[in-house]
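Read the structure below first, then the notes.
We did not get these values from a lab; they are worked out from the coordinates using the rules stated. As the structure is a computational prediction, the values presented were derived from the model and not from experiment. Cβ atoms come from the backbone with ideal geometry, glycine included; neighbour counts cover every protein chain shown.
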Amino acid sequence: EPEVTQTPSHQVTQMGQEVILRCVPISNHLYFYWYRQILGQKVEFLVSFYNNEISEKSEIFDDQFSVERPDGSNFTLKIRSTKLEDSAMYFCASRTGVFYGYTFGSGTRLTVV
Amino acid sequence: LAKTTQPISMDSYEGQEVNITCSHNNIATNDYITWYQQFPSQGPRFIIQGYKTKVTNEVASLFIPADRKSSTLSLPRVSLSDTAVYYCLVGDPYNQGGKLIFGQGTELSVKP
């Protein structure tokens with residue numbers, strides 16, 4: 001079964017540092033997403049990406065966040081200057097079309113110290 | 001986006017059928033109902049999606065009454081490995097962003 005691959009699985013960074021979370025979506029998928037889940041809380045939408053541009057973003061996705069699909073296979077989330085409250089599990093997801101379910105990756109656990 | 005209400009937790013035993021009901025009184029005409037499953041420290045996994053009546057796949061069945069104000073996810077003969085959080089989501093798949101709005105979900109605990 002095709003998978004969405006995320007790397008690294010766990011990243012520890014110091015407050016104020018930049019981090020890049022990487023994702024390889026399923027190859028024939030067209031819609032890409034980032035979600036996050038703070039420990040013990042709900043899964044929260046961050047951003048959706050289609051046709052090489054952001055379709056929608058949440059209030060969480062402020063100027064510190066950016067996404068990129070640099071080479072047609074990778075999909076990255078960058079946090080420019082991390083804060084303690086950015087500590088969470090970050091999930092990448094993709095889907096092939098609007099009537100299809102998402103496939104989520106296993107996540108990157110980001111710990112900001 | 002339609003708000004959903006589902007039980008916070010449910011307990012079951014291996015081999016039983018489990019039905020999790022979700023209420024979505026404000027569902028819109030274009031909204032579909034989708035269920036996801038999440039194990040600890042893993043991403044949510046798509047289970048099933050429907051618009052009306054009944055949908056069945058190899059994992060579950062989804063029952064949607066005519067008024068569409070609620071839906072029921074049915075898991076036949078659960079096993080210990082079905083212990084997870086189950087989310088009911090309602091939304092318009094044609095929405096350009098296609099974002100999913102997760103609630104707290106139902107924490108299902110399957111006991112031996």
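Charge dipole (Cα centre; +1 on Lys/Arg Cβ, -1 on Asp/Glu Cβ; no other charges) of region B:19-112 amounts to roughly 100 debye.
Less than 5 angstrom separates the built amide H of B:Thr83 from those of B:Val110, all sequence-distant by 5 or more or on a different chain. About its Cα centre, chain A has a charge dipole of approximately 180 debye under the convention of +1 per Lys or Arg Cβ and -1 per Asp or Glu Cβ, with nothing else charged. Lys-Lys pairs in chain B that are eight or more residues apart or on separate chains and whose Cα atoms lie under 27 Å of each other come to 9.
Choose one of A:Gln14, A:Ala93, A:Phe75: the residue whose Cα lies farthest towards the positive end of the charge dipole of chain A (beta-carbon charges +1 Lys, Arg; -1 Asp, Glu; about the Cα centre). Of A:Gln14, A:Ala93, A:Phe75, it is A:Gln14. For the pair region A:51-107 / region B:57-112, the C-alpha centres are spaced 24 Å from each other. Peptide B:100-112 has a mean of 2 when you count, residue by residue, the C-beta atoms of other protein chains within 10 Å of its C-beta. Here the simple spin-label model places points 7 Å from the Cα toward Cβ, and for A:Gln64 and B:Phe63 these points are separated by 4.7 nm. Translational diffusion coefficient of chain A (Stokes-Einstein, Kirkwood radius from Cα pairs, 20 °C, 1.002 mPa s): 153 µm²/s.
Calculate the FRET efficiency for A:Asn74 and B:Ser81 from the Cβ-Cβ distance with a Förster distance of 30 Å, rounded to the nearest 0.05. Plugging the Cβ-Cβ distance into 1/(1 + (r/R0)^6) gives 0.40.
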